[in-house]
Amino acid sequence: MEPQVLQDVISAAFEMPGGQMRRAMRVLQFTRNLGIEECGGEPGAVDGTYNREDQSRFADLDLIREKGFFEQDAVEDEDKRLEGLDADCTDLEPDLPHYAGWRQASDSWYEVVLSAEQSAAVQDKKPGLARCLSEKSGSKISVADPVNDYLKRVNDENAGGASESRLLDLGVFYADCAQDYFSTLRKELQRSRPRFIDRNRETLDDFAAELVAAGYVP
């Protein structure tokens with residue numbers, strides 16, 4: 001098994017903001033594709049980035065700068081493909097024996113993320129982030145929760161019919177302003193990540209091998 005496969009599985013299990021999210025999304029899209037195929041559907045491109053993970057916590061700012069927050073055409077294309085799935089399919093989880101254990105390991109990471117968000121180092125970045133986002137976007141952004149306040153305003157503008165150029169600008173503003181915030185969050189998460197990898201090593205190895213057997217190529 002190529003080492004990159006295991007690294008991809010780790011990236012998707014214990015997510016952190018940054019460029020590794022594209023590797024995480026690749027694993028998540030591959031498993032989603034397996035579920036779609038099992039339900040009689042046509043899978044999407046494994047390298048697609050339209051099924052974004054939580055962009056308030058695991059932001060790939062380079063991706064947001066490049067493509068904005070939304071890839072609406074790709075989302076609509078997947079929606080059309082999903083319309084033809086078997087009616088008795090209740091979810092898109094793949095039929096892989098080690099998938100549930102891998103997801104359980106990933107779920108255990110959530111408490112670490114919540115704790116890291118509340119750390120003094122991350123909290124200290126909020127006033128500057130709010131100020132930068134307010135100045136660039138022209139909207140007053142909350143100091144208490146600048147990330148979610150900003151993303152809510154982006155969603156509101158999108159729902160209100162904002163132009164594609166405006167939505168792309170909002171992504172660039174986020175990428176410009178939030179670099180320090182997410183870099184600090186990433187550093188906080190890195191403190192705990194090696195321990196989680198060691199604790200779940202067998203599960204990660206088993207699932208990685210299972211993905212390769214199912215056809216995953218990094």
Which of the residues that make up the stretch 171-218 are outside any helix (DSSP H, G or I), of a type outside the set (A, V, I, L, M, F, W, C) and surrounded by 13 or more Cβ atoms within 10 Å (Cβ to Cβ)? Ser192, Asn200, Tyr216, Pro218
Within the stretch 146-159, restricting attention to residues that are surrounded by fewer than 15 Cβ atoms within 10 Å (Cβ to Cβ) and at pLDDT 95 or above, which residue is farthest from Asp60 (Cα to Cα)? Asp156
Complete set of residues in the stretch 69-80 that are of a type outside the set (Lys, Arg) and either at pLDDT below 95 or in contact with a His (Cβ under 6 Å, 6 or more places away or on another chain) (or both): Phe70, Glu71, Gln72, Asp73, Ala74, Val75, Glu76, Asp77, Glu78, Asp79
Single condition Ala162 does not satisfy, out of (1) surrounded by 13 or more Cβ atoms within 10 Å (Cβ to Cβ); (2) modelled with pLDDT of 95 or more; (3) over 19 Å from the mean Cα position of the chain (by Cα): (2)
Residue check, Gly41 against (1) among the small types (Gly, Ala, Ser); (2) at pLDDT 90 or above; (3) surrounded by 13 or more Cβ atoms within 10 Å (Cβ to Cβ), all met but one. Which one? (2)
The one condition Ile141 fails out of (1) part of a helix (DSSP H, G or I); (2) hydrophobic (A, V, I, L, M, F, W, C); (3) more than 19 Å from the chain's Cα centre (by Cα); (4) surrounded by 17 or more Cβ atoms within 10 Å (Cβ to Cβ) is (1)
Selected residue [modelled with pLDDT of 95 or more and open to solvent by less than 40 Å² (accessible area, probe 1.4 Å)] from Tyr50, Tyr99: Tyr99
Mind checking which residues of the stretch 48-60 are touching a Pro at 6+ places or on another chain (Cβ under 8 Å) and closer than 11 Å to Arg22 by Cα? Phe58, Ala59, Asp60
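Residues are listed down the side, and each one gets a yes or a no for (1) open to solvent by less than 70 Å² (accessible area, probe 1.4 Å); (2) over 26 Å from Ser192 (Cβ atoms):
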{"position": "Val5", "(1), (2)": "yes, no"}
{"position": "Glu15", "(1), (2)": "yes, no"}
{"position": "Arg26", "(1), (2)": "yes, no"}
{"position": "Leu34", "(1), (2)": "yes, yes"}
{"position": "Leu63", "(1), (2)": "yes, no"}
{"position": "Glu76", "(1), (2)": "no, yes"}
{"position": "Lys80", "(1), (2)": "no, yes"}
{"position": "Glu83", "(1), (2)": "no, yes"}
{"position": "Ala87", "(1), (2)": "no, yes"}
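The values are calculated or read from the model by the stated rules, or taken from the named source; none is laboratory data. A quick note: this is a predicted structure, and the numbers were derived from the prediction, not measured. All Cβ positions, even for glycine, are placed from backbone atoms using ideal geometry, and neighbour counts span all protein chains on display. Only protein heavy atoms, including side chains, enter the accessible area calculation; ligands, DNA and RNA are left aside. Shrake-Rupley method; radii C 1.70, N 1.55, O 1.52, S 1.80 Å.
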